[in-house]
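The values are calculated or read from the model by the stated rules, or taken from the named source; none is laboratory data. This structure is a prediction, so every number in the text was calculated from the model and none was measured. Positions of Cβ are generated from backbone atoms using ideal geometry, with glycine treated the same way; all protein chains shown enter the neighbour counts. Areas reflect the complete protein model, heavy atoms only, side chains present, ligands, DNA and RNA absent. Shrake-Rupley method; radii C 1.70, N 1.55, O 1.52, S 1.80 Å.
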Amino acid sequence: MRYHLQITVMFLLIISTPLVLTLINHNSSILKNENRVSAPVPEIPKSWDQWPDFSSQLERYVNDHFGLRPVFLWLYHQLKNAINDSSSKSVIQGKNGWLFYDMEIDTYRHITKYTEEQLNQFAEVIEYRRNWLKQRGIDYIMVIPPNKSSIYPEYVPDYLTIIQPESALDQLLAYAKQHVKVPILDLRASLKKAKSQAWVYYKYDTHWNEFGGNIAQYQIAQYLAAMYPNKIQPHLFAATDYRFSKEQESDLSNMSYKKPDNTNSWAGIKPESLINFCENALKHYEKNKPISIHCPNKSINALVFRDSFFDFLMPHIANYFYDSTYIEGELNLNIIDGILKDKSINIVIEEMVERKLPYLPKLHVNVAEEYAQLAPVFNKKAKSVFKLLPATSNLQNTELQTFTWEANKLILHVNTTDPSLNLSFKPDAGKGYYLMKISIESPEITEMQVFYSQQPAAQKFTEQNSSRRLLSKGINTLIFPFAIENFGGEIRVDPGNVRGRYIINSLEIRALANGALQ
């Protein structure tokens, strides 16, 4: 009898442990292998309208905080890896243990292609940008780092066959040669040649390594030297200038819980090879913020719009310029216009990795012209339906962002790159025509995005029902117009994608009495 009691108690302890840990593990934290923050504890709804959202928030919370979750996940991934099968939907298990990012596979197989209409759109926007920059005395080039699978196709699984002879990059380069005057640098040949000397990409990461970045920067510098004779001196480091060793933590190995083997695909340049290198170019700079680097004894200023592939290019490229600024994201003429008020620019470089193709560039709204056009409508032809005030708003705090009120101004203390505010009000029936006027102070140059809910919809907020506007550093006053069928009465304001202190001086939404934006 005592034996059965012990078994019962032990069984109850085992099955209750995850539940107990779930109840006590309520703090949000970084989910390292998933590269995101765990869901916070949802607040108890204060009205019937909030209950549908509460159930989904509770589900996300339980999924992220379930007791022994890391242990169960680790066991699952180890079992999948033991049978040589990727344990992550985002990771492709290649030959010899190589890992590839799922997002690049359709590009590798030549499935994602441009239509003729998209190629025309690309050419029109790129040529508009080129002319806009040329009028201001600024040159413009594009750089497209190749996917890892484009340089190491021999390690891609055999079942992922290439189904068409021409890739989206091949297609774009051929079309641009005939219709676009902006140089587009193709780095594939030089990287394929260099891989016979040493690894140029990581085995367990999506990116090129430091040696691969060196090969890429040299090709870019050679082109720049032809543009600016006697002002750019390209420098190529040899493989012997680098120390190669096994990888440690990498993005793909973290996602798939795969432990790197002893392949020496990590590259670090030897300090003694950096003689006469600009010291400022070698400093550590915070990510997700605009970076400015000043190197003396140079004469050219550059502005670079880039993604994470530029991390290993930046020290080299900065070394060629007197003043260079690096901004994450797509080229934005409004940002350039704002920067030109403070300093000169000789060249703009736009870089985006191959897997983003078919890339379609955008012409961003001129916020000054938009405000001048909409301000009279907002002031005279619209009725107020919402004002952001302490007495009327109910804003939630999370561990990533806190809010305080000072003299009816909302102070946002943001330490994440994706802060957001949810606002709600009772909309008019039918189609909604609204103007949202906001005065906001930003800590840096960034981009604001405003989402508008629609009912019914699978997702409350979507890219299709959103608008983006540039924010300059300091105070910005903007008006967002939106007209949407079956407006759900909720708006999400993402003030920017840089950390710091934002101040919303005022925010008001007005409905157009005549039912149309005019």
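Remarks
- Cross-link pairs beyond the 18 Å C-alpha cut-off, checked among Lys89/Lys195; Lys381/Lys437; Lys387/Lys409: Lys89/Lys195
- The label-point distance for Asn96 and Glu370, in a model that sets each label 7 Å from Cα toward Cβ, rounds to 5.0 nm.
- Length gained when the stretch Glu124-Glu166 is fully extended (0.36 nm per residue, less Cα-Cα span): 12.9 nm
- Surface composition of the range 243-337: carbon and sulfur atoms hold 48% of the protein heavy-atom accessible area at a 1.4 Å probe.
- A straight Cα-to-Cα reach below 24 Å connects Lys181 with the lysines Lys113, Lys134, Lys231, Lys356, Lys362, residues fewer than 8 places away in its own chain not being considered.
- Here the range 244-403 yields Rg over Rh of 1.10, to two decimals, using C-alpha coordinates and the Kirkwood radius.
- FRET efficiency estimate (nearest 0.05) - Cβ-Cβ, Ala238 to His284, R0 22 angstrom: 0.30
- Prolate/oblate/rounded label for the range 212-255 (Cα gyration tensor, a/c 1.5): oblate
- The fraction of Cα-Cα pairs per 5 angstrom bin, counted from 0 for the range 187-323, comes to 2, 10, 18, 21, 20, 16, 8, 4, 1, 0 percent, rounded to whole percents.
- Two-site FRET efficiency, Asn415 against Thr462, from Cβ-Cβ distance with R₀ of 25 Å, rounded to 0.05: 0.45
- Spacing of the two label points (7 Å from each Cα toward its C-beta) at Lys270 and Ala483, in nm: 6.7 nm
- Segment Leu340-Ala225, extension gain: residue separation times 0.36 nm, minus the distance between their alpha carbons: 39.0 nm
- Stretchable slack from Lys193 to Leu173, in nm (0.36 nm times residue separation minus alpha-carbon distance): 5.2 nm
- Look at the dipole of the range 135-183 built from charges on Cβ: of Ala168, Tyr140, Ile151, the Cα furthest out on the positive end belongs to Tyr140.
- Distance between the pseudo-spin-label points of Lys181 and Arg501 (7 Å out from Cα toward the beta carbon): 4.7 nm.
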